[in-house]
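Written out below as structure tokens is the structure these notes cover.
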Amino acid sequence: MTLFKDAKIFFDSIKESRLPPDQLYIHDDEQCPCGSGKIFLECCKNKPDPGPFSSPKPPEVLLMERMRKSLKKRRICLHPDQTSCQGNIKEAHALQNHKIISLLASNDNHVIMQDQTKQSIVSGDPLNSNIIVPFSKVSGNKATTQSCFCDLHDTELFKTIEAGAPDFDPQNEEMRFLYAYKAFIFEYAKQLQLMSILKETFSERPQVFSLPNLVKEYRIQCMRMEEFTPVKSHFDAEILLGTHNGIETCVVKIPYQIGFANYAYTAPDFDLNGERIKTIDNCRKMHRLAVTVFPESNQSYILLSCLSSEEKTYHDFFSQIQISGIEKVLFYFNLFLPLFSENLVISEKLWNNHSEKGQLGLVHMANLIGTDQFKMSQAIGMALRNAAKNKKMEYSKRGVIDLFQKL
């Protein structure tokens, strides 16, 4: 989803609502959500409330605005060896500017994507509002950037897959590792920031967190951080050792240059035949995939990576992809990517090749959240099951939304 679609944290996927009823309120003897380290009873429980707050904007829009402001002031290098940091914390690209974005950019160096830094469109009434982040032109220099690394570590860590490096080699362990790491660490940076924003919000207005929905969001965010932490620990350990072990990657090669790129760290609901993938284990822990889709000069790739320790979750899915025809695989990802990623970067040519209906469809899919996203995911699962049963199914016909069309 990147897990939310991440800037809209009040309305999470039903799939992540893994909480028993007693977890929908803050207990007196648990650590205070403000992050002080004290228990709630001795910290924020009896803090005076600053009084009623009035705004015409719904709470999720206010949080998105707060997140945008927070992006400007929170700059930290996520490299495991911060003692060796040099230079400023830079706006690093999740998708390489001079190796991926440049292939998609127009002559004036623009691509089409959702721009989370711009004011969102709020539709509907205040009690039943929808937040729409439209697709718009964005400078290639700004596409998929976050303040995740200092200048030295951004340059040194990713040089194997940056401009001037050879094309992607499916057999190159370091390349596979770095693409998986990039998809993960940029998502981790968002989650880390959202956790910080939740803590700050709680510290300022603890009484607001008497609402079960807000407590649920805090709990789910805590679960996410618990799930992300061991993954980061693995990547950190490998980076410090200079090795690239413990990552399993399924590689899909597309024999032509596609007109978009994408990264995500997410858990797909269904496989290619519409059968459910059990991504949540018996301990209510979710196992995710690092997904990267990118063009090169004469071909393109879809990379799906997970920790080797989590490979059993995706073993059958990976095997299914490898034995299926390329059109079936592309049919699947054409449905999957718009719904579960906010990081689609599309060339103007591909965008303009879509009809108005296709463009509106992409905007609609990319902005679905919560119950609406869940329902659409179930509909996609049913469509995949019906397609798998249809012996005459033409997977090359992908509909009004066709990310994989040849340009």
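Each reported figure results from applying straightforward, stated rules to the coordinates on display, with no laboratory input. What you see is a predicted model, and the numbers here were worked out from it, not measured in a lab. Note: ideal-geometry Cβ built from the backbone for every residue, glycine included; neighbour counts use all protein chains shown.
Looking at segment 216-266, none of the trypsin sites (Lys or Arg not before Pro) sits in a DSSP loop with at most 15 other Cβ atoms within 10 Å of its own Cβ.
Hydrophobic, long helices, defined as DSSP H runs whose alpha-carbon span along the helix axis is 30 Å or greater and whose mean Kyte-Doolittle value is at least -0.5, occur in the chain at 173-204, 212-241. Taking a ≥ b ≥ c as the square roots of the Cα gyration tensor eigenvalues, segment 285-402 comes out rounded, since a/c falls below 1.5.
I need the trypsin sites (Lys or Arg not before Pro) found in segment 340-391, filtered to DSSP loop residues with at most 16 other beta carbons within 10 Å of theirs.
Sites meeting the loop and neighbour criteria: 391.
Compare the Cα positions of 195, 98, 390 along the charge dipole of the chain (+1 at Cβ of Lys, Arg; -1 at Cβ of Asp, Glu; about the Cα centre) and return the one farthest towards the positive end. So the residue we want is 390. When the Gaussian network model of the chain links Cα atoms closer than 10 Å, the mean-square fluctuations of 273, 213, 172 top out at 172.
Shown here for segment 250-350: GluC sites (Glu not before Pro) in loop regions (DSSP other than H, G, I, E, B) with at most 16 other Cβ atoms within 10 Å, namely 275, 296.
In straight-distance terms, cross-link reach from residue 312 covers every one of the aspartates and glutamates whose alpha-carbon lies under 17 Å from its own, apart from those fewer than eight places away in the same chain; here that gives 227, 248, 269, 271, 275, 281. Taking chymotrypsin sites (Phe, Trp or Tyr not before Pro) in DSSP loop conformation with at most 16 other Cβ atoms inside 10 Å as exposed sites, the chain has its longest uninterrupted site-free stretch at 54-255. Pairs from the list 142/349; 349/375; 216/389 with a Cα-Cα gap above 27 Å: 349/375; 216/389.
Over the chain, what is the mean sequence separation of C-alpha contacts under 8 Å (at least six apart), divided by residue count, expressed as relative contact order in percent? Write down the numbers at each step before the final one.
Numbers: 647 pairs, mean separation 89.1, N = 407.
Answer for the chain is 22 percent.
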